[in-house]
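Novice: Okay, here's the structure, questions in a sec.
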Amino acid sequence: MKAVKPKKNLGQHFLIDLEIARRIADTVDACPDIPVLEIGPGMGVLTQYLVQKDREVKAVEIDKESVNYLYATYPQLRDKVLGEDFLQMDLNKVFDGRQFVLTGNYPYDISSQIFFKMLDNKDLIPCCTGMIQREVALRMAAEPGNKTYGILSVMTQAWYDVEYLFTVNENVFNPPPKVKSAVIRMQRNGVTDLGCDEKLFRRVVKSVFGQRRKMLRVSLRQILSGVANDDPFYAQEIMTKRPEQLSVAQFVELTNKVSEKIVNI
């Protein structure tokens, strides 16, 4: 069967370096004995190494041409290739409610959406690995005080330990992307309860990073619109900080402070 032509509208950049594909496949070994779901297999450069492992493998691919190619090339995956949109899937149904590893050469334009869906299904996904745009990988692994530290950093690190594994150059893809890529691995960190209201935590994180150059006493006012500007609440030391200075634990502390204030308004 002839090769699949990369489609610009799907953001397809097919990896052509087999050694890098093998190294990415091996990242799933950090979470053994559970199934693997690959996103965006394309022509199966990563899939060919995943199916060699002694575990169940499924792949989700929205491109019909790629699905047909995979059916022809990997007949053992005939019932394991899901021609669906990952962002619209009910992940509880993929492996009948069992936990699984998420991996893939993720489409750059929806990688953040993929990881936010991972967070929504964190109890199903103890491990997530794969290749993404280097800029996104750096954000996810960034520590407080780093200029790349932001919403995705905090939300991910609240539940996962993030490892930046290695950088991948542009020339190993067809067509070559305009940016470098990176391979990462995320494993659940053991946190089962943040110790605060999770929805409010998200709201606080997104709100303050939406005005990341401002002190918290300014950026929080859109949430605490009913609190007077001269309220002692804003005089606390933490309110003089900017969002990139706060650790996950400090964001939890901040969320609880905000929650208490909302209740008392």
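The values are calculated or read from the model by the stated rules, or taken from the named source; none is laboratory data. As the structure is a computational prediction, the values presented were derived from the model and not from experiment. Because the Cβ atoms are built from the backbone with ideal geometry, glycine has one as well, and the counts that use them run over all protein chains shown. The protein model used for the area step is the full one, side chains on, heavy atoms only, and it has no ligands, DNA or RNA in it. Shrake-Rupley method; radii C 1.70, N 1.55, O 1.52, S 1.80 Å.
Novice: Is it the case, given these coordinates, that ARG188 is open to solvent by 50 Å² or more (accessible area, probe 1.4 Å) and in contact with a Cys (Cβ under 8 Å, 6 or more places away or on another chain)?
Specialist: Yes: the conditions hold for ARG188.
Novice: Considering only residues that are assigned to a helix (DSSP H, G or I) and open to solvent by 30 Å² or more (accessible area, probe 1.4 Å), look in the range 136-155 and name the one that is nearest to LEU102 (Cα to Cα).
Specialist: It comes out as ALA141.
Novice: Out of the residues in the range 100-135 meeting the condition of being among the hydrophobic types (A, V, I, L, M, F, W, C), open to solvent by 10 Å² or more (accessible area, probe 1.4 Å) and without any contact (Cβ under 8 Å) to a residue 60 or more places away in the chain, tell me which one is farthest from ASP54 (Cα to Cα).
Specialist: PHE116
Novice: With the requirement that a residue be in contact with a helix residue (DSSP H, G or I) (Cβ under 7 Å, 6 or more places away or on another chain), part of a helix (DSSP H, G or I) and farther than 25 Å from THR148 by Cβ, what does the range 201-248 give you?
Specialist: Answer for the range 201-248, where residues must be in contact with a helix residue (DSSP H, G or I) (Cβ under 7 Å, 6 or more places away or on another chain), part of a helix (DSSP H, G or I) and farther than 25 Å from THR148 by Cβ: PHE233, TYR234.
Novice: Any idea which of ALA142, ALA72 is small (Gly, Ala, Ser), more than 21 Å from ASN9 (Cα to Cα) and touching a Ser or Thr at 6+ places or on another chain (Cβ under 9 Å)?
Specialist: Residue meeting the stated conditions: ALA142.
Novice: Condition check: open to solvent by less than 70 Å² (accessible area, probe 1.4 Å) and closer than 21 Å to LYS122 by Cβ. Does VAL218 satisfy that?
Specialist: The answer is no for VAL218.
Novice: If MET43 meets every condition in (1) surrounded by 17 or more Cβ atoms within 10 Å (Cβ to Cβ); (2) assigned to a helix (DSSP H, G or I) apart from one, which number is that one?
Specialist: Here MET43 meets the rest and fails (2).
Novice: So which of VAL51, VAL67 ends up being without any contact (Cβ under 8 Å) to a residue 24 or more places away in the chain and open to solvent by less than 50 Å² (accessible area, probe 1.4 Å)?
Specialist: VAL67
Novice: Has the range 199-220 got at least one residue that is hydroxyl-bearing (Ser, Thr, Tyr) and in contact (Cβ under 8 Å) with a residue 24 or more places away in the chain? Walk me through it before giving the result.
Specialist: Here is the first cut: in the range 199-220, the ones hydroxyl-bearing (Ser, Thr, Tyr) are 207, 219.
Restricting the remaining residues to those that are in contact (Cβ under 8 Å) with a residue 24 or more places away in the chain gives 219.
Checked against the condition, which is being hydroxyl-bearing (Ser, Thr, Tyr) and in contact (Cβ under 8 Å) with a residue 24 or more places away in the chain, the range 199-220 yields at least one hit.
Novice: Which condition from (1) free of Cβ contacts under 8 Å to residues at least 12 places away in the same chain; (2) open to solvent by less than 60 Å² (accessible area, probe 1.4 Å) is the one that GLU61 breaks?
Specialist: (1)
Novice: Can you say whether ALA3 is open to solvent by 60 Å² or more (accessible area, probe 1.4 Å), aliphatic (A, V, I, L, M), outside any loop (DSSP other than H, G, I, E, B) and more than 26 Å from GLN187 (Cβ to Cβ), as far as the supplied structure shows?
Specialist: Here the answer is no, as ALA3 does not meet what is asked.
Novice: Kindly provide the set of residues from the range 6-40 that are assigned to a helix (DSSP H, G or I), open to solvent by 60 Å² or more (accessible area, probe 1.4 Å) and hydrophobic (A, V, I, L, M, F, W, C), ordered by number.
Specialist: Passing the criteria: only LEU18.
Novice: Now, a different point. If LEU254 passes every condition in (1) touching a residue at least 40 places away in the same chain (Cβ under 8 Å); (2) under 29 Å from TYR108 (Cα atoms) but one, which one does it miss?
Specialist: Of the numbered conditions (1) touching a residue at least 40 places away in the same chain (Cβ under 8 Å); (2) under 29 Å from TYR108 (Cα atoms), the odd one out for LEU254 is (2).
Novice: Taking the stated definitions as given, is GLU143 acidic (Asp, Glu) and touching a residue at least 12 places away in the same chain (Cβ under 8 Å)? Reasoning before the result, please.
Specialist: Details: acidic (Asp, Glu): yes; touching a residue at least 12 places away in the same chain (Cβ under 8 Å): no.
So GLU143 does not fit the description; no.
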